[in-house]
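As structure tokens, the structure follows; a few thoughts come after it.
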Amino acid sequence: MQASDTTLKRGGPRSAGSIPQRRVPQAWPKDRRFRILSLDGGGIRGIFPASVLAELEKRFCAGRRVSEYFDLIAGTSTGGIIALGLGAGFSAVEMKTLYVERGQEIFPPRKQSWLCSAVSFLRQTVLYRYDRDAIARLLSETLGEKLFGESACRLCIPAFDGTHSEVFVYKTPHHADYKLDRFEKMINVGLATSAAPTFFQPFKNGGYQMVDGGVWANNPVMLAVIEALICFDVAPSQIDVLSIGCGDDPYIVSPGQIRFGGMWFWKDAIFAAMRLQSLAATNQARLLLGPPSVVRLSPPVYSPSIELDDWRRAVDLLPSDAVDATEANAARIKSMFFADLAEAFVPVPVCKPPFAE
């Protein structure tokens, strides 16, 4: 939710500043498509969308950045970090390199022994699996002191506010109603959207306890589509979407779940919720815009699946999967998204920070 009331008290519920009427849509040429890039969450499996974008950039962008061809980018968790990198001016090739070469700093390769596995299992049943220092350091080195409002492209980055139990969407100042998030540091947005439960401690920021946006919008495609429709005078028939996932692993109900039930057998039900949210969001976007307007890319299903923190397998498998997925859809993607550059994003000006005295 994007608050717009400049009198909103810092740390109060985000919803307290919501406008009570429909937003006034901004003009958009009737002869111009509105192109959306949507990036799923998925931990280190973000190597796949980063690699797809790097491949598209090399093939179709003629030295330009891939972000220059999209009118809006939405990203959740690892997808949010990629989106922030693109907004900060990095190329997709640079973001892929960051994930491939330095992802192991956040998710160190696991030690292969039964004792290490047992200790790790016991530890993560009561403690967070990883310390946030590594990801905070990497984001700080990458994004520096850049503000969210300095993004070179329109961004929507979902998170969850655990203090007031509300959805929380960071939005660049691409509409006159959006006054708050432009002054937030990009690093804080990245730490908020990627604070995955059990992996990282919630990120305390401005009176909020921020949790990974994947708990409600791991696939942010509908968030992006709705954003386009409420902020701009565009028809659904004008919108094209490139949606890139990190792996749509099936969730099969086991015999133990059927026969016994209980918390032990259903401990991983969050993965069912994430898969079904993603399927529902993709299908809703296709129903609203028309199936030809939504291109969805995702890596193949592996058995066993690539864990969200398995840097080694992700590096070994996903870059080549990205090349294959790009090749299979290259002609369609090129014609829909890379025929010409998007209009440059110009933030809506504001006189002073909303909390200034």
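Each residue of region 68-75 in order: what ³J(HN,Hα) in whole Hz does its phi give by Karplus 6.51 cos²θ - 1.76 cosθ + 1.60, θ = phi - 60°, with x for Gly and Pro?
Taking θ as phi minus 60°, the curve returns 6, 9, 10, 8, 7, 10, 10, x Hz for region 68-75.
So if I restrict to the alpha-carbon atoms in region 26-106, what is the Rg, and what is Dmax, the biggest pairwise distance, in Å?
Looking at region 26-106, its Cα Rg and Dmax stand at 13.3, 47 Å.
Let me cross-check D310: its accessible surface, 1.4 Å probe, with only protein heavy atoms counted, in Å² to the nearest 10?
30
Can you give me the distance in nm between label points at L287 and R259, each placed 7 Å from the Cα along the Cα-to-Cβ direction?
In this crude spin-label approximation the distance works out to 3.7 nm.
Within region 201-218, list the residues whose amide N lies under 16 Å from a label point set 7 Å along Cα→Cβ of Y128.
201-215
Sort 279-285, 250-256 by packing, meaning the average of other beta carbons within 10 Å per residue, with the highest value first.
Per-residue mean Cβ counts within 10 Å order the peptides as 279-285, 250-256.
Using the Cα gyration tensor of region 258-312, with a ≥ b ≥ c the square roots of its eigenvalues, what is the shape: rounded (a/c below 1.5), prolate (a/b larger than b/c) or oblate (neither)?
It is oblate, given that a/c is not under 1.5 and a/b is not larger than b/c.
Going highest first, how would you order 34-44, 89-99, 16-26 by mean Cβ packing within 10 Å?
Result, highest mean first: 34-44, 89-99, 16-26.
Ratio of alpha-carbon Rg to the 2.2 N^0.38 Å globular estimate for region 241-357, to two decimals, please.
Relative to the rule-of-thumb radius for its length, region 241-357 sits at 1.51.
Where Rh denotes the Kirkwood radius from the mean inverse Cα pair distance, what is Rg over Rh for the chain?
In the chain, Rg relative to Rh is 0.96.
Can you list the HN-Hα couplings for region 93-104, worked out from phi with the Karplus curve (6.51, -1.76, 1.60; θ = phi - 60°), rounded to whole Hz and with x for Gly and Pro?
The phi angles translate into 4, 5, 5, 4, 4, 4, 5, 6, 8, 10, x, 5 Hz.
So, in nm, how far is label R332 from label H164 when the simple model puts each one 7 Å beyond its Cα toward the Cβ?
Result for the modelled spin labels: 4.1 nm.
In what order, largest first, do H175, H164 sit by accessible area if the probe radius is 1.4 Å?
H164, H175
Please state the relative contact order of region 137-246 as a whole percent: Cα pairs under 8 Å, 6+ residues apart?
The normalised contact order for region 137-246 reaches 25 percent.
Give the value in nm², to one decimal: projected area of the alpha carbon convex hull of region 175-250, averaged over all directions.
Convex hull of Cα atoms, orientation-averaged projection: 7.2 nm².
Please find the FRET efficiency linking K58 to E343, where r is the Cβ-Cβ separation and R0 is fixed at 30 Å, and quote it to the nearest 0.05.
0.80
Using only protein heavy atoms and a 1.4 Å probe, report how much of I270 is accessible, in Å² to the nearest 10.
80
Looking at the chain, what % of its DSSP beta bridges pair antiparallel, to the nearest 5?
Around 45 percent antiparallel, to the nearest 5.
So, in the chain, how many Lys pairs have Cα atoms under 23 Å apart, if the pair is 8 or more places apart or on different chains?
24
Add +1 for every Lys or Arg and -1 for every Asp or Glu among the other residues with Cβ under 12 Å from the Cβ of I244, and state the total.
-2
Measure off, as a whole percent, the carbon and sulfur share of the 1.4 Å-probe accessible area of region 258-342, all protein chains present.
Solvent-exposed carbon and sulfur of region 258-342 make up 62 percent of the total.
Can you tell me the order of 235-243, 296-304, 61-69, 74-82 when each peptide is scored by its average per-residue count of other Cβ atoms within 10 angstrom, highest first?
Listed from highest to lowest mean packing, they are 74-82, 235-243, 61-69, 296-304.
Averaged per residue, what accessible surface does the chain expose to a 1.4 Å probe, in Å²?
46
Evaluate the Kirkwood expression for the hydrodynamic radius of region 124-282, namely the inverse of the mean inverse distance over all pairs of different C-alpha atoms, and round to one decimal in Å.
One decimal place: 17.7 Å for the Kirkwood radius.
When only C-alpha pairs under 8 Å and at least 6 residues apart count, what is the relative contact order of the chain, in percent?
Result for the chain is 27 percent.
Taking every Cα atom in region 276-339, find the radius of gyration and the maximum pairwise distance Dmax, and write them in Å.
Final numbers for Rg and Dmax: 14.4, 39 Å.
The values are calculated or read from the model by the stated rules, or taken from the named source; none is laboratory data. Everything numeric in this text was worked out from a predicted model, so none of it was measured. No Cβ is skipped: glycine too gets one built from the backbone with ideal geometry, and neighbour counts run over all protein chains shown. Note: accessible area is taken over every heavy atom of the protein model, side chains too, but ligands, DNA and RNA are not part of it. Shrake-Rupley method; radii C 1.70, N 1.55, O 1.52, S 1.80 Å.
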